[in-house]
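*Asks:* My questions will all concern the structure given below.
The values are calculated or read from the model by the stated rules, or taken from the named source; none is laboratory data. Since the model is a prediction, treat every value here as computed from it, not as a measurement. In this analysis, Cβ positions are derived from the backbone assuming ideal geometry, glycine residues included, and neighbour counts consider all displayed protein chains.
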Amino acid sequence: MEHQLQIYNTRSRRKEVFEPIHAGHVGMYVCGPTVYGDAHLGHARPAITFDLVFRYLRHLGYKVRYVRNITDVGHLEHDSDDGEDKIAKKAKLEQLEPMEVAQYYTNRFHHAMEELNVLPPSIEPHATGHIIEQEQLVRKILDNGYAYESHGSVYFDVEKYNRDHHYGVLSGRNLEDVINNSRALDGVGEKRNQVDFALWKHAQPEHIMRWPSPWGDGFPGWHCECTAMGRKYLGAHFDIHGGGMDLVFPHHECEIAQAVASQGDEMVKYWMHNNMITINGQKMGKSLGNFITLDQFFTGTHEALAEAYSPMTIRFFILQAHYRSTVDFSNEALQASRKGLERLMEGVAQLDRLAASADGDVTLAWVDELRAKCYAAMDDDFNSPIVISHLFDACRTVNRVADGKARITPEALDALKEVFRTFVFDLLGLRAEADGNAAREEAFGRAVDLLLDVRQTSKANKDWATSDKIRNELTALGFEVKDTKDGATWRLNK
């Protein structure tokens, strides 16, 4: 099947046909977490969004190198060049080495991603493991005249860069407007202009995270790591750079400026950004103190939660909205997602219980049309909610067959199982919840199937008393049993 994948490019502000720089190969860089606290729902959104992208690109046959970084130095309090490093601050408060803090929360992040069935990236570089590459980037920008040294720190000269290029190509901002909005903060001695951003920061004596450099002991600015590590692992030009919409400015805008200032042109072909998770209309995040951690969702241990929500419910909740749409948290929305996921998984389970019929009216042509519609949605900028709606439509057909109101041919049944495997499990990344309930439900379903096999044998032997007893007892317990020409099907009326 021919695919014409279209991706919305934040840089051009339109959908573009995806054409990788190197045929058959895709380089993708996604901004990962700053590991100074537990992952929250806002972290799950980009992780699941780009997991979907990763899965689909590989499904289309591309060899994908997916790089997702760990920020363990240089991310400062209040995201200003004059704040304190967040990990260093956490380390002081807890009397730990900074790398203990970073490792602890990295481990917890990985565990949360495993629970959400997010595939690991191809490479997961740490900022502290690439200080040399960041120093080299800073030196190159200095050599090209787009940075200056001040009191042991190095700053990017935004105004000079803007005269030769355009600062604001990603966010659409005009530098004059940025400068006017910054005038109230003028007078911070080290910078020539308040809009200039740090490439390298001089470490004060009390600063515990520091490295030697040509400009004195210090540490890299936050924006440097992605440019340096993206270039190291994906080359001077690569296909996709992703992250949350809150990173468009200043982080990704500064990345573009750094790339152009150091090598003369832009590194990234397609910029992708997922929208925010909101709570009461506000972005959910640590800086606002309104976040709920993933562990709290999984255990239900937060006052705002009406119940615990499983990892797959969280994943389904996020995939039910297009990645460029905002998603507002509410218990009602999560409960609806839980019920929707149960309905979808029941459709998958029901599919395995169907009996095929040679003269079925649900044919291979119908399944081929379903598959084509699901692929068309994925090709349209990874439109997961449309895929889910098509799968729900298919579940209604599955239930009609189970109820004896339709019949499905053997070829169509095999093809429909393959479509559900591909889109539900391989691409959307959903899975049966790996807990005791799932195991009990599987054993429960097998026990019912065994009873119906006994009933079928009783009917064949004209033992109507046993056959009727089994059916009546199951009905009394809430089961709906349907006899069809190809055998019996069942469902539990919840």
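*Asks:* Scan region 309-319 and give yes if some residue there is under 22 Å from PHE109 (Cβ atoms), at pLDDT 95 or above and not in a helix (DSSP H, G or I), otherwise no. Even if it seems obvious, please write down each step before you answer.
*Replies:* From region 309-319, those under 22 Å from PHE109 (Cβ atoms) are 309-319; that's our starting set.
Filter once more, keeping what is at pLDDT 95 or above: 309-319.
The next check asks that each one be not in a helix (DSSP H, G or I); those that pass are 309-310.
Within region 309-319, one or more residues are under 22 Å from PHE109 (Cβ atoms), at pLDDT 95 or above and not in a helix (DSSP H, G or I).
*Asks:* So GLN134 clears everything in (1) in a helix (DSSP H, G or I); (2) without any contact (Cβ under 8 Å) to a residue 12 or more places away in the chain except one condition, right? Which one?
*Replies:* Every listed condition holds for GLN134 apart from (2).
*Asks:* Restricting attention to region 206-232, report how many residues are more than 19 Å from LEU142 (Cβ to Cβ), at pLDDT 95 or above and aliphatic (A, V, I, L, M).
*Replies:* Of the residues in that region, 1 qualify.
*Asks:* Additional query: Regarding region 198-207, can at least one residue be identified that is touching a helix residue (DSSP H, G or I) at 6+ places or on another chain (Cβ under 7 Å) and crowded, with 19+ Cβ neighbours inside 10 Å?
*Replies:* Checked against the condition, which is being touching a helix residue (DSSP H, G or I) at 6+ places or on another chain (Cβ under 7 Å) and crowded, with 19+ Cβ neighbours inside 10 Å, region 198-207 yields at least one hit.
*Asks:* Please give the number of the condition TYR233 fails out of (1) in contact with a helix residue (DSSP H, G or I) (Cβ under 9 Å, 6 or more places away or on another chain); (2) closer than 30 Å to ILE318 by Cα; (3) outside any loop (DSSP other than H, G, I, E, B).
*Replies:* TYR233 satisfies all of (1) in contact with a helix residue (DSSP H, G or I) (Cβ under 9 Å, 6 or more places away or on another chain); (2) closer than 30 Å to ILE318 by Cα; (3) outside any loop (DSSP other than H, G, I, E, B) except (1).
*Asks:* Among the candidates ARG65, ARG45, ARG55, which residue alone is assigned to a strand (DSSP E or B), assigned by TED's automatic domain parsing to the domain that holds ASP246 and not polar (S, T, N, Q)? Give the derivation first.
*Replies:* Values: ARG45 fails: assigned to a strand (DSSP E or B); ARG55 fails: assigned to a strand (DSSP E or B).
Among ARG65, ARG45, ARG55, only ARG65 is assigned to a strand (DSSP E or B), assigned by TED's automatic domain parsing to the domain that holds ASP246 and not polar (S, T, N, Q).
*Asks:* Still on this structure, I have one more. If I go through region 145-169 residue by residue, how many of them are in a strand (DSSP E or B) and hydrophobic (A, V, I, L, M, F, W, C)?
*Replies:* Taking region 145-169 first, the residues in a strand (DSSP E or B) are 147-150, 153-156.
From what is left, the residues that are hydrophobic (A, V, I, L, M, F, W, C) are 147, 154, 156.
Residues in region 145-169 being in a strand (DSSP E or B) and hydrophobic (A, V, I, L, M, F, W, C): 3 in total.
*Asks:* Counting only residues that are loosely packed, with under 14 Cβ neighbours inside 10 Å and among the small types (Gly, Ala, Ser), which one in region 337-365 is nearest to the chain's Cα centre (by Cα)?
*Replies:* ALA365
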